[in-house]
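The values are calculated or read from the model by the stated rules, or taken from the named source; none is laboratory data. Being a predicted model, the structure only gives us computed values, none of them experimental. As a convention, Cβ positions derive from the backbone with ideal geometry for all residues, glycine included, and neighbour counts pool all protein chains shown. Ligands, DNA and RNA are stripped out before the accessible areas are found, and what is left, the full protein with its side chains, is counted by its heavy atoms. Shrake-Rupley method; radii C 1.70, N 1.55, O 1.52, S 1.80 Å.
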Amino acid sequence: MEQIEGYVDHIIYRKEDSGYTVFAIESNEMEGTVVGLFPTLQEGEYVVVTGDYEEHPVYDLQFRASSYEIKEPTDTEGIVRYLSSGAIKGIGASLAKRIVKEFGEKTLEIMETQPELLSKIKGISERKACEIGVQVEAKKEVRGVLMFLQKYGISNKLSVKIYEKFGAGVYKIMQDNPYRIAEEIDGVGFKTADDIARKAGISVDSDYRMRSAVLYVLNTSLSEGHVYLPMQLLIHKTLELLELADAYAESVSVQIQNLTMDKKLYAVKFPEEEEHAIYSASAYRCELGCARLLLALRDQDAFSDMSKTHDALLQTIEQIEDREGVVLDALQKEAVMQSVLCGVTILTGGPGTGKTTTINTMIRLFDALGMNFLLAAPTGRAAKRMTEATGYEARTIHRMLEVNGGADSANFFERNEDNPLEADVIIIDEMSMVDIFLFYNLLKAIMQGTRLVLVGDKDQLPSVGPGKVLKDLIESECFPVIRLNKIFRQAQESDIIQNAHRILEGEEIALDNQSQDFFFLERRDVNNIVNNIVNLCKERIPNKLDISPYEVQVLTPTRKGALGVEQLNPSLQEYLNAPDKNKREYKTNTALFREGDKVMQIRNNYKLEWEIVSKYNIPIDKGCGVFNGDIGIIRQINTYAETVTVEFDEHKRITYQAADLEDLELAYAITVHKSQGSEYPAVVMPVLGVPRMLKYRNLFYTGVTRAKEMVMLLGSKQEIAEMTQNEHEQKRYTGLCKQLQKTM
């Protein structure tokens, strides 16, 4: 590490929300360009910067800062330069010289401790003198807090967040309970707060530490799909995180009780369960709210005055069949009938069982009855498929609810109980992908009198987010459920669909390569498999199906390992989007991004703004929100501003700042979990060395059913058989089924 110091001559570029700054530094000995996070730095300030020189491909030699310290100028020349920079509102170059001429090297001390003396200077009233004093004090407070927090290894960006939240109160918080930082500031985890607390001398068995760890474990469990954790499991995971012995179990239990009394947690005792289910406050309100709203929709009597009788509805359905040239079986007709007569209807079935035909008939019936409807799905790709299949516009659930980029989950959407959706019927496809939080926001926006039709495949993997909503609704037996199980003639011609149903039944699938759309390569060497995947994605499959390599999706069961996402993506990037002098690159701590790369958003971000532009680069639509699993292409990298522009489905373009890139990763290969709700022309799936905990049937089934025209498996027949035969599913602790039965 090197250290340079000097005055901030001028700021070249600054991104206000992240604090990323490029500025020119100048001293008697040197001048140059510095880049880094400087959220409060002002022109004219004297700064000592620690970091390293680096050669930028476009902007030559730059000094990249890792930390910095602002020092008050001590000589009159430095003070004039600082005040002339505009750092203090109302003081320009001329006034700065007069002030320094009057007070000399004591100028800043006077401005801080006796600002009223400034009124002696011509052009400064007593009121203005006081305002200058307030500004100086505020700047000193901010700088003091940043320097104070820097001692604990806290980054400047996080320091600004902490100051904005707690102000000068941060000193007492750091002394008493640094864990409040993790509890009250988004994006700060327990481990960060724990590291700060350790430096602040907080005891390892502190009540605050245990309390914060409990909240962190519950929050982390949401990302693992759980809505709650059983009491003993929560205690065990908390002790594991804290690295404390079992002897502290009782102390953790006491903190759970205290958090419950403070309404930060909820403890629920379900019938036939031995121990309490412990929820975070938000998860509890969400799950209970879903149960109550669903039962209210089911039990509404708005349909009792239907002017059409059962027989008349059946006659209308038969007329639609004749007109559309379709023939529904008994279950499909029942589903169509229920969609009109019931408040909540669930339609489930595997590929080729006629879900799309059933939805289309429902829509024609709603049209015939003069009922208006809305169609939606969890992802852009699923919504696009729904639009193509029905001929009517389908939107993502987020867009239907009108994401507004609100600061918290209560304000993410414009549509809610106070501004509900206006429709007689709402149909949601791919319900297996919908997590408990999104479902709650959807239900809040549905008026009494609206029918809700939920469509999905119950045998697919549950949502990436917390919960297993579709399965819980079906298992509750609180709503009419129509299970389609007949494979229709056209679907019977597809070995993808035939094998998918064999997988569901635990039957052996054909791997003899006699198929037109389902293939297998027996390979036992990892390097050989990787080389084969590259060749399949780059040439063989695109040539056979007349598609681009980007339309071939590699799905893998795991992130880690030689055939996991993290290893496969750099290899595929190297061959599918090779380095090129005309393609700009940007490197983060975890990935190298290149123009033309296929990438995926890995967390919901309701605040990122997108826009759709015409071919003349004129914006024609805009909004906010990008979501977990969205896939796009990097269209532009600005190495100077350190931004990456990605184009997602529907031509939505989002410009990522450096700080947002941690939520973006390469997507040549993705996990099966992340592929839910999507459909690809071709799927390539390695099945070798799959971890035991991931070697189960519905993961394999989900991967296979993502393919529309071709499936290519590579690996071990034995492991394919093991996955097919293993009915086990990863345990998810969810209570929606029990909440529904309990609330009835």
Bridge type composition, the chain - antiparallel percent by DSSP, nearest 5: 60
Only Lys, Arg (+1) and Asp, Glu (-1) charged, at Cβ; the chain dipole about Cα centre in debye: 440
Other-chain or far-sequence residues with amide H under 5 Å of PHE518's (modelled H): VAL711
Sparse-neighbourhood loop sites, trypsin sites (Lys or Arg not before Pro) in the range 585-621 - DSSP loop, at most 11 other Cβ within 10 angstrom: LYS615
Nearest-ten-degree value, helix 93-103 long axis tilted from longest Cα axis of the chain: 50
³J(HN,Hα), Karplus 6.51/-1.76/1.60, whole Hz, each residue of the range 664-671, x for Gly, Pro: 10, 9, 4, 10, 4, 10, 9, 6
Alpha-carbon spread of the range 314-406, three principal axes, descending order, Å: 47, 29, 23
Distance between the range 697-717 and the range 104-152 - C-alpha centres, whole angstrom: 67
Dipole magnitude (debye, nearest 20) for the range 204-360, charges at Cβ of Lys, Arg, Asp, Glu: 480
Rounded to whole Hz, the Karplus (6.51, -1.76, 1.60) HN-Hα couplings of the range 361-377, x for glycine and proline: 5, 4, 4, 5, 5, 4, 4, 5, 8, x, 9, 8, 9, 10, 10, 8, 8
Residue-normalised accessible area of the chain, given per residue in Å² at a 1.4 Å probe: 46
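To the nearest 500 deg cm²/dmol, what mean residue ellipticity at 222 nm is calculated for the chain from DSSP H runs of n ≥ 4 alone, each contributing -39,500 (n - 2.57), summed and divided by the residues?
-11500 deg cm²/dmol
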Gained length - ARG635 relative to GLU508, 0.36 nm times residue gap less alpha-carbon distance: 41.3 nm
Furthest towards positive pole of dipole, GLN135, GLY6, ILE529, structure part the chain, Cβ charges: GLN135
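On a 1.4 Å probe surface of the protein chains, which of LYS237, LYS199 comes out largest in accessible area, and what is the full order?
Listed by decreasing accessible area, they come as LYS199, LYS237.
Could you please state how large a percent of the accessible area of the range 624-732 is carbon and sulfur, counting protein chains only and using a 1.4 Å probe?
Looking at the range 624-732 in its full context, I get 42 percent from C and S.
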Cβ-defined net charge surrounding LYS738, 11 Å radius [Lys, Arg +1; Asp, Glu -1]: -3
Net charge of Cβ neighbours under 14 Å - reference VAL268; Lys, Arg +1; Asp, Glu -1: 0
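Report, in listed order, any pair from LYS444/LYS708; LYS486/LYS674; LYS355/LYS615 with a Cα-Cα distance greater than 31 Å.
From LYS444/LYS708; LYS486/LYS674; LYS355/LYS615, over 31 Å: LYS444/LYS708; LYS355/LYS615.
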Nearby lysines by direct alpha-carbon distance to LYS583 (threshold 20 angstrom, same-chain neighbours under 8 apart not counted): LYS538, LYS598
Label-to-label distance, nm, for residues given as LYS544 and HIS236 (7 Å Cα→Cβ offset): 4.5
Loop chymotrypsin sites (Phe, Trp or Tyr not before Pro), the range 322-394 (other Cβ atoms within 10 Å of the site Cβ: 16 or fewer; DSSP): TYR392
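Wrap a convex hull around the Cα atoms of the range 685-737, take a quarter of its surface area, and give that in square nanometres. Can you show the working numbers first?
Numbers: hull surface 18.5 nm².
Mean shadow area of the hull around the Cα atoms is 4.6 nm².
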Rg over Rh, two decimals, the chain (C-alpha only, Kirkwood Rh): 1.03
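May I ask for the net charge around PHE148, where only other residues with Cβ less than 14 Å from the Cβ of PHE148 are counted and Lys, Arg are +1 while Asp, Glu are -1?
Result for the neighbourhood of PHE148: +3.
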The range 367-441 and the range 519-561: distance between their alpha carbon centers, rounded to Å: 34
Per-residue ³J(HN,Hα) for the range 312-325, Karplus 6.51 cos²θ - 1.76 cosθ + 1.60, θ = phi - 60°, Hz, x for Gly and Pro: 5, 5, 4, 5, 5, 4, 5, 5, 5, 4, 4, 5, 8, x
